[in-house]
């Protein structure tokens with residue numbers, strides 16, 4: 001029997017907003033897959049603490065949503081992709097296949113996190129498109145600005161080439177060529193078994209909705 005598929009949304013989103021509204025669960029169920037959906041700490045229906053240290057448990061809480069499964073496949077976007085890679089580096093046997101979208105060289109550089117936190121709290125300069133998008137996400141009525149800023153200020157688990165080399169399962173990296181998270185090369189090179197799908201003309205926040213991303217993910221999970 002095929003593994004269940006865990007869907008992990010990005011920053012400022014939720015399972016419903018990031019996946020269900022775009023039809024991902026239905027498409028996977030049509031392929032005969034069980035779907036495990038969750039809201040990351042600080043998002044959706046999950047608790048929204050405003051102490052950065054509370055988010056040290058983000059990956060632990062995520063892992064608890066599929067703790068009763070011997071192995072899963074998973075798809076993650078942005079923050080969700082980072083969380084999945086962190087878990088897969090710690091417990092490689094738990095994952096059969098991984099699709100990570102909207103991540104690349106940014107995983108190795110945390111210098112923009114304080115800028116994002118400040119934009120969430122105080123707004124972003126008009127000329128910075130990426131920060132304005134984070135500001136806009138945080139301003140959604142479903143979100144809590146203080147909680148999202150706290151998440152950005154948590155002690156993020158280190159993801160470097162040594163840790164990523166522990167991930168033994170096949171990984172598909174999906175990245176738009178207009179995504180600020182790129183380039184994808186450093187991430188692909190660090191993973192032992194990875195392939196890259198580049199999406200022409202696609203930016204960061206458009207990736208989960210892009211038909212090319214959806215088709216590539218479904219093909220990879222079915223292979």
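Odds and ends about this structure:
- The label-point distance for residue 51 and residue 177, in a model that sets each label 7 Å from Cα toward Cβ, rounds to 4.8 nm.
- Whether segment 1-92 is rounded, prolate or oblate, judged on the alpha carbon gyration tensor where a/c under 1.5 counts as rounded: oblate
- Projected area, mean over directions - the chain, Cα convex hull, nm²: 11.1 nm²
- Overall Cα dimensions of segment 27-152 - principal axes, largest extent first, Å: 45, 30, 29
- Counting neighbouring beta carbons within 10 Å and listing from fewest to most, the residues 78, 206, 111 come out as 111, 206, 78.
- Separation between Cα centres of segment 108-181 and segment 58-72, rounded to whole Å: 22 Å
- Computed over segment 88-217, relative contact order equals 32 percent, with contacts defined as Cα pairs under 8 Å that lie 6+ residues apart.
- Estimated FRET transfer efficiency when R0 is 41 angstrom, pair residue 158-residue 29 (beta carbons, to 0.05): 0.70
- Label-to-label distance, nm, for residues given as residue 118 and residue 20 (7 Å Cα→Cβ offset): 3.7 nm
- A Gaussian network model of the chain, with springs between Cα atoms under 10 Å, assigns the largest mean-square fluctuation among 141, 186, 208 to 141.
- Likely footprinting exposure, 43, 17, 156, fewest C-beta neighbours within 10 Å first: 156, 17, 43
- Relative to the longest principal axis of the Cα atoms of the chain, helix 211-222 runs at roughly 40 degrees.
- Fewest-first ordering of 133, 152, 1 by other beta carbons within 10 Å of each residue's beta carbon gives 1, 133, 152.
- Förster radius 41 Å - calculated FRET efficiency between residue 166 and residue 142 (Cβ-Cβ, nearest 0.05): 0.70
All of the numbers you see were taken from the coordinates with simple rules; none came from a lab. The structure displayed is predicted, hence computed values, not measured ones. Counting neighbours? That spans all protein chains shown, and the Cβs are built from the backbone with ideal geometry, glycine included.
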